Amino acid sequence: MEKINHPSAHRSGLFGVLDRNLRKIENRLGVSLAIRGDHILIDGPARKIEFAKLYFSKLRDMEEKGLDLKEEDFQIALDLLEEGRPQQLESYAPSESLSFSRKSVTPKGYNQQQYIEAIKAKDLVFGIGPAGTGKTYLAMALALSFLQNKEVERIILTRPAVEAGEKLGFLPGDMYQKINPYLRPLYDALFDLSHSDQANRLVERGIIEIAPLAYMRGRTLNAAFIILDEAQNTTREQMKMLLTRAGFGAKVVVTADITQIDLPEPRKSGVLHALKILGGVEEIAIIRFNDRDVVRHSLVQKIIQAYQKDETRARKN
């Protein structure tokens, strides 16, 4: 067992955040933790104890710089150390919360923070990664923030209507009712952040438009925040069409999970082609999420890892 002295921890609030998240930090570090007065007690395998000591020393350095660390900052610091990027902690600063009528939004991991900063700085951002990593939700939060601050005049939310094993023709109702289930995740994110009456007014006035990708053809979208969700299911032609819709003052965010392509020929996915040919363009950012960024039930993270291992084995055989 090792004991770390941190006499300023109670005054700074470090122990308070640690105590509330003790089990979560223990699970990630692979050690047992206990708080005794001004000390943190660490018990476990020697290698993991050494890593935990490094982790807490980095947290102490961040606190001594005057940073007010919250739960998500604990996780981001651990993300960076686990990924072998301790030098990036030297310049780390917590992101400001995005505040809305129903809640505030802050990044839950380093990749989420990079995603938010990229959207603020770049005109076109690709968010690539598995389900549950916040790609669509954070893009929606940024879109609403830009709208609130009058940096854009409207929000365009779109998805390709590609069947994932189901046939549109067999669904009941007219074409709008057939298409609506594909757009439901975009509505869910919108209404989670805004009060329903406020969101409905914006939709009714056309300030927020939620429509299938096919409806974007032939348009020029000026001063708009455009989110293309589920972009792994676009064709190359659809991707080119959407990316060339952006007009003056527009910002485009493309989200995709390239492990879940539902096209008949997955290799012809528009997002795979776009990532290949646009990667070197300076004004474009590509943020790649992984299973560590999953913010849903912890079981989801384990399921993603299991599928990734199975796919790796399949490629080798």
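Can you list the HN-Hα couplings for region 108-123, worked out from phi with the Karplus curve (6.51, -1.76, 1.60; θ = phi - 60°), rounded to whole Hz and with x for Gly and Pro?
Result, rounded to whole Hz: 9, x, 5, 5, 5, 5, 4, 4, 4, 5, 5, 4, 5, 9, 10, 7.
Given contacts defined as C-alpha pairs under 8 Å and at least six residues apart, what's the relative contact order of region 204-317, whole-number percent?
Taking the mean separation of contacting Cα pairs over the length of region 204-317, I get 23 percent.
Residue by residue through region 267-277, which ³J(HN,Hα) values in whole Hz follow from phi under the Karplus form 6.51 cos²θ - 1.76 cosθ + 1.60 (θ = phi - 60°), with glycine and proline marked x?
Result, ordered by residue: 5, 8, 4, x, 6, 4, 5, 5, 4, 5, 9 Hz.
Relative contact order, percent, of region 72-126 when contacts are C-alpha pairs under 8 Å separated by at least 6 residues?
With pairs under 8 Å counted, the relative contact order is 36 percent.
Computed on alpha carbon atoms, what radius of gyration and Dmax characterise region 69-124, expressed in Å?
Spelled out, the Cα radius of gyration and Dmax of region 69-124 are 12.1, 38 Å.
Evaluate the distance, in nm, between pseudo-label points positioned 7 Å from the Cα of A211 and of Y187 along their respective Cα→Cβ axes.
Using points 7 Å along Cα→Cβ, the separation is 1.7 nm.
Beyond a 25 Å Cα-Cα separation, which of these cross-linked pairs lie in this structure: K240/K276; K120/K302; K24/K103; K58/K108?
K120/K302
From largest accessible area down, sort E82, E153, E50; use a 1.4 Å probe on the protein chains.
These residues rank, largest area first, as E153, E50, E82.
Please work out how much length the chain gains when fully extended from I258 to K103, using 0.36 nm per residue of separation minus the C-alpha to C-alpha distance, in nm with one decimal.
Once the chain is fully extended between I258 and K103, it gains 52.8 nm.
Using a cut-off of under 18 Å, list every residue of region 110-150 whose amide N is near the label point 7 Å from the Cα of D61 along the Cα-to-beta-carbon line.
Under 18 Å, as judged by backbone N against the label point of D61, lie 110 of region 110-150.
Please name which of L69, F56, F100 has its Cα lying farthest along the dipole of region 45-101 towards the positive end, using unit charges on Cβ (Lys, Arg +1; Asp, Glu -1) and the Cα centre as origin.
Farthest towards the positive pole: F56.
What's the carbon and sulfur percent of region 14-159's accessible surface, probe 1.4 angstrom, rounded to a whole number?
Here it works out to 45 percent.
Quick one: net charge around R159, please, counting Lys, Arg +1 and Asp, Glu -1 for every other residue with C-beta under 9 Å from its C-beta.
-2
Please find the FRET efficiency linking D310 to L278, where r is the Cβ-Cβ separation and R0 is fixed at 30 Å, and quote it to the nearest 0.05.
The computed FRET efficiency comes out at 0.50.
The values are calculated or read from the model by the stated rules, or taken from the named source; none is laboratory data. These numbers were taken from a predicted model, which means no experiment stands behind them. Reconstructed Cβ throughout: ideal geometry from the backbone, glycine too, with neighbour counts over all protein chains shown. When the accessible area is computed, the model is the full protein with side chains, heavy atoms only, and any ligands, DNA or RNA have been set aside. Shrake-Rupley method; radii C 1.70, N 1.55, O 1.52, S 1.80 Å.
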